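Every number in this text was worked out from the coordinates using simple rules, so none of it is lab data. Only a predicted model underlies this, so the values are computations on that prediction, with no experimental measurement involved. Glycine also receives a Cβ, built like all others from the backbone with ideal geometry; neighbour counts cover every protein chain displayed.
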């Protein structure tokens, strides 16, 4: 019984060491926000595109090689991660375009109102409403035209 327990403990320890050794064969490679190339044994922050590369085999080897022998499961996870990131990027781009279109419409309406003949009233920080004089109206019109140029012209 003692031999069997000892054998199981040795076998479990060997498996753990083998798994640790395998896990340490790869490192993560990615580019940070400042454009610097980063290498780490720890995964990069969420949402960062990375590549798993094989560690150099010895101290004399200074070149990091790509890991061509990733398992099919790892490749599948990497493909799913890439597809998920692409979908998130497309969603973020669509949301940004929607916000830009909304801001364009607002800017167009502001220009139209400020170019019109009716009086324009602006609310101050205290909630008091005050009509704009000609000089203030012209300044607001310039801001609105600038916003229109920015948001309506890609």
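Key figures
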item: Using a Förster distance of 25 Å, the FRET efficiency for residue 71-residue 32 (Cβ separation, nearest 0.05); result: 0.35
item: Alpha-carbon centroids, segment 78-95 and segment 121-154: separation in whole Å; result: 38 Å
